[in-house]
């Protein structure tokens, strides 16, 4: 029997696209009116004292050891060691929402939810899988794709990862995508994950391809299918060619059709070069959804967060909040982005001027990576490169070898890629 609080949220979402897309766990989950909720109420109204949250207070502030504080003296004790709210620091959530609108002008006039802070983008994807995926609800994803998708969807959620072919004719395989989406739509539901710039290929769609991707989703929605689109924007903004769709596709899907629910998965991890902060955001957008609907989805997310990690890291959120207010951050980001672009151009120059009977560079134009389609076993090639040349690469599957040019100095690129081609030729 469902908890009354879960039933209350389900009632709020009744007859909406997100309500129909929920998994078995998504239907069961809720945010309890337990310690956290009662503590928030006490914080607001407990003027004499607040004996709710398990932290040590001295003179009204969190106690902090000097051995800890001395390494981040500019941050207050509260910014360093206090618990953050389950959904994240309110000012950070509001600021990130403003940044989403700023980076995606196509969202102007469209209502989206307030981003919920999650402990990294991987956790965000896992929480979405909890909400919307179960044994009867598969997820559609490109092939090749990041191996963690399979671990989350197939191993954790005991579901299936359906795939479409990512590339055809040196670009996005629109025909394969269309066929796969329409096949899913035959069940009445489409759950699809799009990751641009893509891991492992380092590809983002052109403006024309993006328009067709949106058209395909709109078409099945207009025919009655309920569509959930996950926009994994981990590498957002790292585009190195002119004819790339400049925004997140979330800007298109967030108000596309009443039958479409879009989720943006993003954060400062890659965008702001803070990989170990483990701070990400989940943001919902759907035509016709109200603040009440978004709040219900937020509370279900909070239930998942509360029942797993309780809350995300406070120091990471505090530092991010301060960094975003620093007027120098944009210049600093441009400098790092230029380093990545220079490395990308160097790799592009090499792969454009070299051929191999056993390697084919997949299309790439953005992000941190590029990949080869191999005519030999990718794992055997990886081992050969590692043991003969002492160079690390990643075998994504039997026919895909990923190279992270993000971690190569520009001066290393010719040496590394020459070694990769030499090893491939000798197999």
Subject >> Extreme residue, surrounded by the fewest Cβ atoms within 10 Å (Cβ to Cβ), among residues of the range 335-360 that are closer than 15 Å to residue 420 by Cα and under 27 Å from the mean Cα position of the chain (by Cα) >> reply: 348
Original post:
If you scan the range 127-145, which residues turn out to be closer than 21 Å to residue 184 by Cα and outside any loop (DSSP other than H, G, I, E, B)?
Top reply: 128, 129, 130, 131, 132, 134, 137, 139, 140, 141, 142, 143
Subject >> Unique match (being touching a helix residue (DSSP H, G or I) at 6+ places or on another chain (Cβ under 9 Å), in the same structural domain as residue 162 (by TED's automatic domain parsing) and touching a residue at least 60 places away in the same chain (Cβ under 8 Å)) among 225, 251, 211 >> reply: 251
Subject >> Candidates 194, 228 - the one that is at pLDDT 95 or above and farther than 19 Å from residue 270 by Cα >> reply: 228
Original post:
Only one of (1) crowded, with 16+ Cβ neighbours inside 10 Å; (2) more than 25 Å from the chain's Cα centre (by Cα) is not met by residue 71, so which one is it?
Top reply: (1)
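Go through the range 1-28 and give me each residue that's farther than 20 Å from residue 262 by Cα and in a loop (DSSP other than H, G, I, E, B). Step through it out loud before you land on a result.
Of the residues in the range 1-28, the ones farther than 20 Å from residue 262 by Cα are 1-8, 11, 28.
Within the range 1-28, 1, 2, 3 meet the criteria.
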**OP:** List the helices (runs of 4 or more DSSP H) that sit entirely inside the range 260-325 and contain at least 3 residues that are over 23 Å from residue 78 (Cα atoms), in the same structural domain as residue 123 (by TED's automatic domain parsing) and touching a residue at least 12 places away in the same chain (Cβ under 8 Å).
**Re:** 291-306
Original post:
Quick one: is residue 371 within 27 Å of residue 276 (Cα to Cα) and not assigned by TED's automatic domain parsing to the domain that holds residue 408?
Top reply: no
**OP:** Scan (1) surrounded by fewer than 22 Cβ atoms within 10 Å (Cβ to Cβ); (2) closer than 27 Å to residue 11 by Cβ; (3) in contact with a helix residue (DSSP H, G or I) (Cβ under 9 Å, 6 or more places away or on another chain) for the single condition residue 284 breaks and write down its number.
**Re:** (1)
**OP:** Check off (1) under 15 Å from residue 371 (Cβ atoms); (2) in contact with a strand residue (DSSP E or B) (Cβ under 7 Å, 6 or more places away or on another chain) for residue 194 and give me the number that stays unchecked.
**Re:** (1)
Original post:
So which of 110, 97, 137 is crowded, with 21+ Cβ neighbours inside 10 Å, within 22 Å of residue 301 (Cβ to Cβ) and touching a residue at least 40 places away in the same chain (Cβ under 8 Å)?
Top reply: 137
Original post:
Can residue 218 be described as in the same structural domain as residue 270 (by TED's automatic domain parsing), under 23 Å from the mean Cα position of the chain (by Cα) and buried (at least 24 other Cβ atoms within 10 Å of the Cβ)?
Top reply: no
Original post:
Inside the range 163-179, can you point out the residues that are crowded, with 18+ Cβ neighbours inside 10 Å and farther than 25 Å from residue 366 by Cα?
Top reply: none
**OP:** Go through the range 76-98 and give me each residue that's touching a helix residue (DSSP H, G or I) at 6+ places or on another chain (Cβ under 7 Å) and over 18 Å from residue 56 (Cα atoms).
**Re:** 86, 87, 88, 89, 91, 92, 95
Original post:
Within the group 97, 110, which residue is in the same structural domain as residue 291 (by TED's automatic domain parsing), assigned to a loop (DSSP other than H, G, I, E, B) and in contact with a strand residue (DSSP E or B) (Cβ under 8 Å, 6 or more places away or on another chain)?
Top reply: 110
Original post:
Which residue pairs have Cβ atoms closer than 6 Å, lie 6 or more positions apart in sequence or on different chains, and pair a first residue in the range 183-196 that is more than 12 Å from residue 224 (Cα to Cα) and not assigned by TED's automatic domain parsing to the domain that holds residue 147 with a second residue that is surrounded by 13 or more Cβ atoms within 10 Å (Cβ to Cβ) and at pLDDT 95 or above?
Top reply: none
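The values are calculated or read from the model by the stated rules, or taken from the named source; none is laboratory data. Worth saying up front: this structure is predicted, and the values here are computed from it rather than measured. Quick reminder, even Gly has a Cβ in these numbers, built from the backbone with ideal geometry, and neighbours come from all protein chains shown.
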